[in-house]
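K.L.:
I'd like to ask some things about the structure below.
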Amino acid sequence: MKVNTRSLKTLLVLVLAIAIWPMISTLKPKSVQMEESRSSLAVSAVSISTTNFAVPIVIAASFTRITDDDNNLIIGDNNEPEGTREKIYALIGDMPGIHFREICRQLEKEIGVVQYHVYVLKKFNLITSLRDGRYSRHFVKDSMLDVKAQRIISSWHRPVERKILSDVFQSEGRGMDTKQFSASCGVTMQAINWHLDRLEKNELVMVGENKKILLPQATRDKMADLLEFQIIEIAS
């Protein structure tokens, strides 16, 4: 029997197209429909402690149901996170500024799995990221957590920078010099200068008269807000 090769090829292409269509369709851009405003999320303060890091943090007490145009669930509507994506979203809310590898460690998930869910959360504008040296730090989208707040929180993950910002904040406008920081932090002047350079580039500190390190008013105001809502705490 003679086989029409052209018809056979057409049939194979059609079968292949039907098979991969579900995967292709998921790549279409879809706007997010929020049935409840994220601003209505209840928040409560909890405290975590890790090596050289102890800070009260904001945790989302309930989840908003978020769907796309086809009513596909992007993130759950249960009071407790169950799926991997919900757990990642909750963890980022609990630990603002957490970096990618730490998410993998905390949830004991493979890199590829976390990478995919972080991508989806970013795509639907549920989280945002800030580059901090070799880390990419993640934050839940929130009006309070603007870029200035994200930079402060990122510095709070670094013990020396947390101590510098805390000491200058408590100096009430008098400022401090590098020798004072070196004694307070217990590190070399070279290390202090490295951290001060980072903080100055991020516009978190400035150099005043007599080379005193001061806080710009915007940094002081944002730190006051973060302290009030117990997202950060003064380093001892």
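K.L.:
So residue 164 ticks every box in (1) touching a residue at least 40 places away in the same chain (Cβ under 8 Å); (2) under 18 Å from residue 97 (Cα atoms); (3) part of a helix (DSSP H, G or I); (4) of a type in the set (A, V, I, L, M) but one. Which box is left unticked?
P.N.:
Answer for residue 164: the failing condition is (2).
K.L.:
Would you mind telling me which numbered condition in (1) β-branched (Val, Ile, Thr); (2) within 19 Å of residue 158 (Cβ to Cβ); (3) over 11 Å from the mean Cα position of the chain (by Cα) residue 98 fails?
P.N.:
Every listed condition holds for residue 98 apart from (3).
K.L.:
Could you grab the pairs with beta carbons closer than 8 Å, sequence gap of 6+ or different chains, first residue in the stretch 134-149 and outside the structural domain of residue 88 (by TED's automatic domain parsing) and among the polar types (S, T, N, Q), second one outside any loop (DSSP other than H, G, I, E, B) and at pLDDT 95 or above?
P.N.:
Listed by first residue and then by second, the contacts come to nothing, as the list is empty.
A quick yes/no check of all residues on (1) free of Cβ contacts under 8 Å to residues at least 24 places away in the same chain; (2) of a type in the set (Val, Ile, Thr); (3) in the same structural domain as residue 219 (by TED's automatic domain parsing):
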{"position": "94", "(1), (2), (3)": "no, no, no"}
{"position": "98", "(1), (2), (3)": "no, yes, no"}
{"position": "103", "(1), (2), (3)": "no, yes, no"}
{"position": "106", "(1), (2), (3)": "yes, no, no"}
{"position": "109", "(1), (2), (3)": "no, no, no"}
{"position": "116", "(1), (2), (3)": "yes, no, no"}
{"position": "126", "(1), (2), (3)": "no, no, no"}
{"position": "132", "(1), (2), (3)": "no, no, no"}
{"position": "156", "(1), (2), (3)": "no, no, yes"}
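K.L.:
Could I ask something else about it? Of all residues in the stretch 173-210, which are among the small types (Gly, Ala, Ser), surrounded by fewer than 12 Cβ atoms within 10 Å (Cβ to Cβ) and assigned to a helix (DSSP H, G or I)?
P.N.:
The one that is among the small types (Gly, Ala, Ser), surrounded by fewer than 12 Cβ atoms within 10 Å (Cβ to Cβ) and assigned to a helix (DSSP H, G or I): 183.
The values are calculated or read from the model by the stated rules, or taken from the named source; none is laboratory data. Since we're looking at a predicted model, the values are computed, not measured. Please note: Cβ atoms are built from the backbone with ideal geometry, for glycine as well, and neighbour counts cover all protein chains shown.
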